[in-house]
Amino acid sequence: MTETTIPDHRDTPAGEGQAAEPSGTYPPTEEMLDAPVDPAEREAREGRLRKAWEVPKGWRYWSEVNNTDVGIWYSFAALGFMLCAGVLALLIRVQLAVPENDFLSADRFNQFFTMHGSAMMFLFAVPMFEAISILVLPAVLGARDLPFPRLSAFGFWSFLIGGSFVLGSILFDASPKSGWFMYPPLATEQEGVGPDIWLLGLSFIEIASIAAAVELIVGVVKTRPPGMRINIMPLYGWYVLVVGVMILFAFPPLIAGDFLFELQRSLDWPFFDPDRGGDPILWQHLFWIFGHPEVYIVFLPAIAVAAMVVPTAAQRPIVGYSWIVLSAVGVGFLSFGLWVHHMFTTGLPSLSLGFFSAASEAVVIPTGVQIFAFVATLMVGRVKMILPMLWIAGALAIFTIGGLTGVMVALAPFDWQVHDTYFIVAHLHYTLFGGLVFPIIGGVYYFYPFFAKRMMSDRLGKIAFWLTFSGFNICFLPMHLTGLLGMPRRVATYSSEMEWGWLNMISSVGSFIIAAGILVFVWDLIRPKRHEPLSERNPWDAGTLEWSHDIPEENWGVRSVPYVTSRYPLWEDHKFMERLDGGRFYMPDAPGLKRETMVTSAVDALPQAVVPITGPAWCTLWAAAFTGGAFILPVFKFYMLAAMSGAVAVGFIIYWLWTATAQVPKAPDRDVGLGLRLPVYVSGWRAPGWWAMFITMLGDATAFASIVFGVFFFWTARPDFPPEGTSHADAVWVTVSAVGFVLAWGATVAARGLNRRERRGAARALLVAAVVATLGAAGAMGLALWLPGLEPASHAYPAMMYALGVWVGAHSAVAVIMLLYCLAGSLAGKLTPRYDADLCNVTLFWHFLCLTGLVTALMMGVFPRLVS
């Protein structure tokens with residue numbers, strides 16, 4: 001790497017619209033890094049940093065948004081939900097232990113297995129990954145913090161409220177009882193509020209999941225320390241990036257499915273009713289487009305933990321870094337092409353069966369590459385059998401068995417034989433327990449000294465492992481035979497004549513042994529350790545950045561943001577810790593007593609800016625609470641209250657954004673140390689906010705594409721779509737709507753340009769024009785559906801047209817709020833020609849919305865007339 005001097009723009013006369021640029025020397029020289037820091041100055045800097053990152057005391061502690069604290073809350077909440085789901089599983093096993101048992105009624109049994117699956121998948125598996133990542137990712141990357149801590153806090157409170165609502169329904173005998181996949185027509189026809197609790201409660205949680213995914217993706221892309229190019233990033237960061245992208249594209253189809261499902265439940269729009277042109281198979285497609293990537297969303301984070309533990313246990317760098325990265329990306333890509341293997345028994349054409357069967361087999365290749373790389377690392381290293389490695393070894397053994405049975409069920413003829421039997425129950429538990437629970441527990445033992453500064457018990461850890469490992473195999477290994485003997489899933493009891501009793505008794509005994517192992521682990525996790533000594537700083541002798549943490553604990557993340565040039569700096573740079581602790585890297589100070597983090601370029605991690613980080617606030621909690629009201633109150637048909645709750649939630653979010661984001665700085669840049677000055681405000685593609693908007697809109701576009709997919713599905717699957725002689729959306733008003741969206745988009749883009757050229761009055765006028773055009777476009781779309789007399793409850797065709805209209809109408813409302821926010825910012829001086837991040841982000845939103853409006857116009861006005 002050669003030394004370069006970044007031009008100094010401070011003395012250059014700059015127009016109002018010209019943004020500050022980095023200036024000074026980069027990268028730092030060895031002499032600069034070795035330069036001593038005056039002890040008094042160092043102490044003063046540490047005092048300011050400590051003050052800036054101070055955690056609120058007393059009851060105000062719950063207003064904290066620091067990712068370390070939020071990650072711990074998130075982790076314990078997910079663990080609590082997992083324990084509740086585990087209790088349900090034990091009750092299910094008690095019911096099935098002997099034939100013709102009446103311990104649980106059939107109705108209660110149905111609620112329990114539905115909530116067990118839903119809680120494990122939606123309240124434990126994905127949230128636990130996000131929780132641990134929020135907790136450890138800043139340290140793994142050497143970042144002071146992730147860019148949107150309030151978004152993390154909002155996601156946590158949403159998760160806690162939504163999870164408590166969904167799981168708490170079981171206490172009132174009101175839970176859904178159609179299985180965690182909620183297949184219609186069983187679920188759509190169920191009486192009571194159970195399906196609505198599942199749909200609306202989990203939709204609320206899915207939003208929290210996507211919020212966390214946005215935070216993690218932007219964190220990996222934009223907050224790596226200087227020098228940490230994408231090809232030397234820790235494997236954990238790669239896995240977080242891949243899984244975050246998978247969440248972004250996997251959850252929206254389910255959200256789209258929930259949207260259609262709830263419209264049918266609330267308004268009787270017949271998307272899944274075959275008698276009125278609907279088709280329940282559409283739900284299966286939308287669910288499993290989410291559901292199968294979900295398996296790898298669960299599995300890859302576990303591999304990420306293994307990728308951190310294995311090199312530490314082997315005391316050498318991982319073997320095949322590049323192959324592991326390529327394999328992780330390959331698994332993520334292939335996982336979206338496998339969903340149909342969950343639908344082999346729905347009567348698919350032979351070509352589809354062959355294609356999806358082959359694709360399901362192919363995913364074994366990249367998965368195997370990763371496991372072989374771990375084995376190779378252990379073979380060429382000097383293995384220390386540390387406790388986390390014991391759990392990882394158990395995980396690899398169990399997951400491999402689950403993978404082998406996965407190869408079996410990927411073959412359509414075999415799947416036809418064992419579909420919906422206990423063989424599938426055994427397969428999925430070997431996959432998920434081996435691919436999730438064991439690695440997560442191993443990860444907790446591994447990272448515990450990092451976040452608690454003390455060690456868990458080695459003795460209790462081994463007891464917990466052997467109880468869990470043996471109990472798991474006693475419980476689930478016999479289920480393969482139970483399934484092959486024909487016992488179906490989701491039956492509350494069975495006849496003694498079937499001779500399944502002894503196998504079920506063994507499984508039930510095994511389940512309680514698992515529970516004993518988990519309880520030992522939980523006790524070891526929560527038992528008081530206040531009087532135990534602090535752990536060593538790097539107790540596992542690891543080589544990655546998170547083990548440069550401070551003992552005793554400091555809340556500032558890293559003492560100084562390091563300059564990183566290797567994958568294992570703690571092993572390969574013998575001066576690293578001295579420089580880090582001495583504050584000789586970047587940002588060793590908090591001059592304004594403000595929380596800040598460094599933003600770097602996406603690929604080469606070149607320093608780009610220092611941006612302020614939002615501090616403690618209650619608005620995130622209130623925003624989550626009222627957002628929860630907007631989702632939960634419709635379950636009980638309180639639509640007006642739900643609308644009011646949603647409006648209050650929007651108010652809190654606007655307050656949060658207005659008071660804490662994109663603030664006009666007092667100075668355009670500041671000294672970050674080592675002869676480098678960085679801007680303190682960036683907009684456009686260099687800003688984390690722009691990336692967050694881009695990533696969010698990718699997910700939003702995926703949800704919209706899922707609804708469009710529904711239109712094409714009905715067209716190919718139903719001969720009466722659209723029905724013969726039916727009315728179509730009015731072509732004239734559809735055209736007016738399309739023109740309106742284009743005009744609104746053009747006005748927004750032009751407003752941004754004029755604002756940068758300091759023509760603020762014209763920019764404000766165009767923002768007003770964009771608001772008017774947006775309202776006109778949405779209104780025209782409503783008229784296009786209403787004037788021809790389309791009745792959405794009469795047939796799936798008008799229902800789909802209305803669904804598209806509702807989707808675009810809701811987004812138009814959001815667009816109007818955004819435009820008015822920018823207009824208010826311009827009038828208040830928050831949005832200027834030089835500091836225009838808000839308007840850049842809204843313009844980006846409009847690129848997507850304009851495309852959405854035009855596609856909707858084509859689907860309403862052109863497509864039906866072409867195919868009729």
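The values are calculated or read from the model by the stated rules, or taken from the named source; none is laboratory data. Everything numeric in this text was worked out from a predicted model, so none of it was measured. Every residue, glycine among them, receives a Cβ derived from its backbone with ideal geometry; neighbour counts consider all protein chains shown. Heavy atoms of the whole protein, side chains included, go into the accessibility calculation; ligands, DNA and RNA do not. Shrake-Rupley method; radii C 1.70, N 1.55, O 1.52, S 1.80 Å.
Once fully extended, how much extra length lies between Phe333 and Phe709, figured as 0.36 nm per residue of separation less the alpha-carbon to alpha-carbon distance?
Extra length available between Phe333 and Phe709 comes to 133.4 nm.
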* Structure fact -> Rounded to a whole %, the carbon-and-sulfur portion of the accessible area of the chain at a 1.4 Å probe is 67 percent
* Considering only Ala815, Phe433, Phe181, whose Cα is most displaced toward the positive end of the charge dipole of the chain, charges sitting on Cβ of Lys, Arg (+1) and Asp, Glu (-1)? -> Ala815
* Which is the longest part of the chain that has none of the GluC sites (Glu not before Pro) sitting in a DSSP loop with at most 16 other Cβ atoms within 10 Å? -> 192-498
* Computed FRET efficiency, Cβ-Cβ of Ala362 and Thr716, R0 41 Å: what is it to the nearest 0.05? -> 0.95
* Asked: Which entry in (i) 0.88; (ii) 0.97; (iii) 1.17 matches Cα Rg over 2.2 N^0.38 Å derived from the coordinates of this structure?
  -> (ii)
* Which Rg and Dmax, in Å, describe the Cα atoms of the range 62-191? -> 17.8, 59
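What percent do you get for the relative contact order of the chain when only Cα pairs under 8 Å and 6+ apart count?
Working: 1468 pairs, mean separation 154.2, N = 868.
Value for the chain: 18 percent.
Please give the contour-minus-distance gain from Lys594 to Val772: 0.36 nm per residue of separation, less the Cα-Cα distance, rounded to one decimal in nm.
Values: separation 178, 0.36 × 178 = 64.08 nm, distance 3.96 nm.
Between Lys594 and Val772, full extension yields 60.1 nm more.
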* Gln417-Leu698 pseudo-label distance in nm [points 7 Å out on the Cα-to-Cβ vector] -> 4.2 nm
* Structure fact -> Here, the range 807-856 modelled as identical Cα point scatterers in vacuum has Debye log10 I(q)/I(0) at q = 0.15, 0.17, 0.18, 0.21 Å⁻¹ of -0.43, -0.52, -0.57, -0.71
* Structure fact -> log10 I(q)/I(0) for the range 173-250, Debye formula on C-alpha points only (no solvent), q = 0.21 Å⁻¹, two decimals, reads -0.89
* Structure fact -> The farthest towards the positive end of the charge dipole of the range 69-189, of the residues His116, Phe76, Leu167, given +1 on Cβ of Lys and Arg and -1 on Cβ of Asp and Glu, is Phe76
* Okay, which of the range 92-113 sit inside 15 Å, backbone N to the point 7 Å along the Cα-Cβ direction of Thr493? -> 92-110
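Leaving out ligands and nucleic acids, and using a 1.4 Å probe, what accessible area per residue does the chain come to in Å²? The partial results should precede the final answer.
On the way: 32340 Å² over 868 residues.
Here the residues of the chain average 37 Å² of exposed surface.
Taking the Cα centre of the range 651-795 as origin, work out the dipole magnitude from +1 charges on Lys and Arg Cβ and -1 charges on Asp and Glu Cβ, in debye rounded to 20. Intermediate values should be presented prior to the final figure.
On the way: 11 positive and 8 negative charges, 217 e Å.
About 1040 debye.
Roughly speaking, what is the stretch gain from Val375 to Thr565, that is 0.36 nm per residue apart minus the C-alpha to C-alpha distance, in nm to one decimal? Intermediate results must be reported in sequence, preceding the final value.
Details: separation 190, 0.36 × 190 = 68.40 nm, distance 2.65 nm.
So the extension gain works out to 65.8 nm.
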* Whole-percent pair-distance distribution, where bins are 5 Å wide, for the alpha carbons of the range 109-252 -> 2, 10, 19, 19, 15, 12, 9, 7, 5, 3, 1, 0
* Two-site label geometry, Ala516 and Ser266: point separation in nm, points 7 Å out along Cα→Cβ -> 5.0 nm
* To do: Using only alpha carbons, build the gyration tensor for the range 709-868 and give me the equivalent ellipsoid semi-axes, biggest first, whole Å.
  => 37, 13, 12
* **Under-5 Å amide H pairs with Gln608, H placed in peptide plane, nonlocal only** => Val599, Thr600, Ser601
* To the nearest 500 deg cm²/dmol, what mean residue ellipticity at 222 nm is calculated for the chain from DSSP H runs of n ≥ 4 alone, each contributing -39,500 (n - 2.57), summed and divided by the residues? -> -21000 deg cm²/dmol
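Given R₀ = 60 Å, FRET efficiency for Arg757-Ser794 by Cβ-Cβ distance, to 0.05?
Working: r = 53 Å, r/R0 = 0.88.
After rounding to 0.05, the efficiency reads 0.70.
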* Asked: What is the P(r) of the range 365-474, as percent of Cα-Cα pairs per 5 Å bin from 0?
  -> 2, 11, 18, 19, 17, 15, 8, 5, 3, 1, 0
* Structure fact -> For the range 277-283, in residue order, the Karplus 3J(HN,Hα) values (coefficients 6.51, -1.76, 1.60; θ = phi - 60°; whole Hz; Gly and Pro = x) are x, x, 7, x, 5, 4, 4
* Asked: Hey, what's the Kirkwood Rh for the range 451-493 if you take every pair of different alpha carbons, in angstrom?
  -> 13.3 Å
* Structure fact -> Computed about the Cα centre, the charge dipole of the chain from +1 Lys/Arg and -1 Asp/Glu charges at the Cβ has a magnitude in debye, to the nearest 20, of 1520 debye
* Asked: So, in nm, how far is label Ala667 from label Leu854 when the simple model puts each one 7 Å beyond its Cα toward the Cβ?
  -> 4.6 nm
* Using the 2.2 N^0.38 Å rule of thumb for compact globular proteins, work out how the range 477-600 stacks up: its C-alpha Rg over that value, please. => 1.92
